[in-house]
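K.L.:
Structure incoming, see below.
The values are calculated or read from the model by the stated rules, or taken from the named source; none is laboratory data. Since this is a predicted model, take the numbers as computed values, not measurements. Cβ coordinates were reconstructed from backbone atoms using ideal geometry, including for glycine residues, and neighbour counts include every protein chain displayed.
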Amino acid sequence: MSLHGKTVVLGVTGGIAAYKAAEIASRLVKRGADVQAVMTENAARFVGPATFRALTGYPVVTDMFEEPTVREIAHISLAQQSDLILIAPATANIIGKIACGIADDMLSTTVMAATCPVLLAPAMNTEMWNNPIVQSNLDKLSGLGYFFVEPTSGRLACGTEGVGKLADPEEIVAAAEAVLAGRGAKSLSPIQDLEGVKILVTAGPTREPIDPVRYISNRSSGKMGYALAQAAAERGAEVTLVSGPTALPAPPQVAFVPVETAREMYEAVLARYDAQDAVIAAAAVADFTPESTSAQKIKKANASPILRLKETQDILKALGERKKHHILIGFAAETDRLIENARQKLAAKRLDMIVANDVTQPGAGFEVDTNIVTLVREKETLPLPRLPKTEAAHRILDSLAEMVRMKATEPGLRANRPLGPPL
Ligand code: CTP
């Protein structure tokens, strides 16, 4: 696509990847864009403004209080004249500032005054990227319509390996073109790597009635399952969410099946099983239910009634026993011997992956917005740091997408029906 007639503000912030912004500027100019570089003070320590001046043909803007020179560069007019603001690299600092509405230099002020789309290409070290504050800032901006080019994994300047490397300049320029053409994806995971994959997610607690007003339940909020359903839908999957009672709204673009008891969940899931490519069982299904439910409210007069319980059916186990082409992912909420217990469940329920969750750790498990999980597969154990549940959901789906790709290359399956997007 030609970028002739398009004005792009290229914001450069202070990370080691700032030098790569020169290549981005050059590629944008070659495609015909009118590029105005805006550098933060810290960015100018990593790479000289003269580089951008030479590449773009315009003086670089750093200081808010400088007199406008060649073009009218007051932040308001800059914001209004541009078709796109692209910030590459975007540090945790600029992401935090934008998310919190701080406008204390030329770049952040321009972003705040902008009416055009804003595309960010984050780059930072892995710990910073995984920091729940950074992740929640990203979620917030994503929800507000900011566009992103996700960082990649690789060797980072700090000497470690992990996520946080600035995406390839060509990929960033392609994303800029997509946004300018109105095709940009707003989410942090613009890749539609689960397109057309049918995924059923179970979520929330179940309620096992004792009488018309009382029930046995558990502390599950449903947050993890809902985050998975929403993230899978954002990545193009056809999602069915079978949920016990929660306080959460059903995510958009998801077929929602509300249930109450373990029995109802079992029936709802089994009835839809054949049509699915994958099931993610995030629900905290009651393991026991009252042997009988009283039709009338049990009165105090029946002093100290004894409640007899019977086991419920294990939904995931039943799915394992009937498994054909399916990919099955379960959860293991444990309080001790995390990996050992999870591996046992992986085998016993014939799962492809189990998400092991030590519910005794702060910031993990029930009722909180973050989770600390380990992804356990037959030959792999991948511990993840404490992450917002939305980000943990995407990591789980990264593994699912990989399994989908592997299945798609199995000759037998390919002949029947393509699973997921073509490779
Ligand atoms: N599960 C299910 N149906 C049940 C119980 C559990 O589908 N009746 C699923 C959960 O959704 C979860 C996985 O099984 O994905 C693990 O559940 P968990 O309760 O942790 O393990 P159990 O197999 O019940 O074993 P234990 O209670 O001994 O830990």
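K.L.:
Could you please find all residues in the stretch 358-383 being over 19 Å from Ala278 (Cβ atoms) and within 13 Å of the ligand (Cβ to nearest atom)?
P.N.:
Answer for the stretch 358-383, where residues must be over 19 Å from Ala278 (Cβ atoms) and within 13 Å of the ligand (Cβ to nearest atom): Asp358, Val359, Gly365, Phe366.
K.L.:
Considering only residues of the stretch 278-294 that are farther than 14 Å from Tyr266 by Cα and part of a loop (DSSP other than H, G, I, E, B), which is nearest to the ligand (Cβ to nearest atom)? Step through it out loud before you land on a result.
P.N.:
Of the residues in the stretch 278-294, the ones farther than 14 Å from Tyr266 by Cα are 278, 290-294.
From what is left, the residues that are part of a loop (DSSP other than H, G, I, E, B) are 291-294.
Numbers: Glu291: 16, Ser292: 19, Thr293: 18, Ser294: 23 Å.
The extreme case among them is Glu291.
K.L.:
Inspect the stretch 326-347 for any residue being part of a strand (DSSP E or B) and among the hydroxyl-bearing types (Ser, Thr, Tyr) and give the result as yes or no.
P.N.:
No: the stretch 326-347 contains no residue that is part of a strand (DSSP E or B) and among the hydroxyl-bearing types (Ser, Thr, Tyr).
K.L.:
Those residues that are crowded, with 19+ Cβ neighbours inside 10 Å and assigned to a helix (DSSP H, G or I), I need them from the stretch 138-151; list them, please.
P.N.:
Matches in the stretch 138-151: Leu138, Leu141, Ser142.
K.L.:
Moving to a separate point now. Taking only the stretch 23-50 into account, find how many residues are surrounded by fewer than 19 Cβ atoms within 10 Å (Cβ to Cβ) and not basic (Lys, Arg).
P.N.:
The number of residues fulfilling the criteria is 11.
K.L.:
Report whether or not Lys324 is within 12 Å of the ligand (Cβ to nearest atom) and either more than 21 Å from Ala393 (Cα to Cα) or touching a residue at least 24 places away in the same chain (Cβ under 8 Å) (or both).
P.N.:
no
K.L.:
Go through the residues of the stretch 391-402 one by one and say whether even a single one is part of a strand (DSSP E or B) and more than 15 Å from the ligand (Cβ to nearest atom).
P.N.:
So in the stretch 391-402, the residues part of a strand (DSSP E or B) come out as none.
No: the stretch 391-402 contains no residue that is part of a strand (DSSP E or B) and more than 15 Å from the ligand (Cβ to nearest atom).
K.L.:
Among the candidates Ala348, Ala342, single out the residue that is at pLDDT 95 or above, surrounded by 15 or more Cβ atoms within 10 Å (Cβ to Cβ) and within 14 Å of the ligand (Cβ to nearest atom). So that I can check it myself, show each step before the final result.
P.N.:
Details: Ala348 fails: surrounded by 15 or more Cβ atoms within 10 Å (Cβ to Cβ).
Exactly one of Ala348, Ala342 is at pLDDT 95 or above, surrounded by 15 or more Cβ atoms within 10 Å (Cβ to Cβ) and within 14 Å of the ligand (Cβ to nearest atom), namely Ala342.
K.L.:
With respect to Phe366, is the statement that it is in the same structural domain as Ala227 (by TED's automatic domain parsing), more than 14 Å from Gly225 (Cα to Cα), touching a residue at least 60 places away in the same chain (Cβ under 8 Å) and surrounded by 12 or more Cβ atoms within 10 Å (Cβ to Cβ) true?
P.N.:
Numbers: in the same structural domain as Ala227 (by TED's automatic domain parsing): yes; more than 14 Å from Gly225 (Cα to Cα): no; touching a residue at least 60 places away in the same chain (Cβ under 8 Å): yes; surrounded by 12 or more Cβ atoms within 10 Å (Cβ to Cβ): yes.
Judged against the criteria, Phe366 is not a match.
K.L.:
Can you pull out the residues in the stretch 254-275 that are in contact with a helix residue (DSSP H, G or I) (Cβ under 7 Å, 6 or more places away or on another chain) and farther than 19 Å from Glu391 by Cα?
P.N.:
Of the residues in the stretch 254-275, the ones in contact with a helix residue (DSSP H, G or I) (Cβ under 7 Å, 6 or more places away or on another chain) are 254, 257, 259, 265-266, 269-270, 273.
Result: Val257, Val259, Met265, Tyr266, Val269, Leu270, Tyr273.
K.L.:
Working only within the stretch 358-379, note down all residues that are acidic (Asp, Glu) and either modelled with pLDDT under 90 or in contact with a strand residue (DSSP E or B) (Cβ under 7 Å, 6 or more places away or on another chain) (or both).
P.N.:
Asp358, Glu367, Asp369
K.L.:
Same structure, new question: Residues of the stretch 265-277 being within 13 Å of the ligand (Cβ to nearest atom) and either surrounded by 23 or more Cβ atoms within 10 Å (Cβ to Cβ) or touching a residue at least 40 places away in the same chain (Cβ under 8 Å) (or both), which ones? Lay out the reasoning, then the answer.
P.N.:
Taking the stretch 265-277 first, the residues within 13 Å of the ligand (Cβ to nearest atom) are 265-270, 273.
Met265, Tyr266, Val269, Leu270, Tyr273 - these are the residues of the stretch 265-277 that are within 13 Å of the ligand (Cβ to nearest atom) and either surrounded by 23 or more Cβ atoms within 10 Å (Cβ to Cβ) or touching a residue at least 40 places away in the same chain (Cβ under 8 Å) (or both).
K.L.:
If a residue has to be at pLDDT below 90 and either within 19 Å of Pro117 (Cβ to Cβ) or assigned to a loop (DSSP other than H, G, I, E, B) (or both) to count, how many in the stretch 152-167 make the cut?
P.N.:
Qualifying residue count for the region: 5.
K.L.:
Has the stretch 102-110 got at least one residue that is surrounded by fewer than 19 Cβ atoms within 10 Å (Cβ to Cβ), in contact (Cβ under 8 Å) with a residue 12 or more places away in the chain and on the phi < 0 side of the Ramachandran plot?
P.N.:
no
K.L.:
Here is a check on your reading of the model: is Leu316 more than 9 Å from the ligand (Cβ to nearest atom) and surrounded by 15 or more Cβ atoms within 10 Å (Cβ to Cβ)?
P.N.:
Values: more than 9 Å from the ligand (Cβ to nearest atom): no; surrounded by 15 or more Cβ atoms within 10 Å (Cβ to Cβ): yes.
No, not satisfied.
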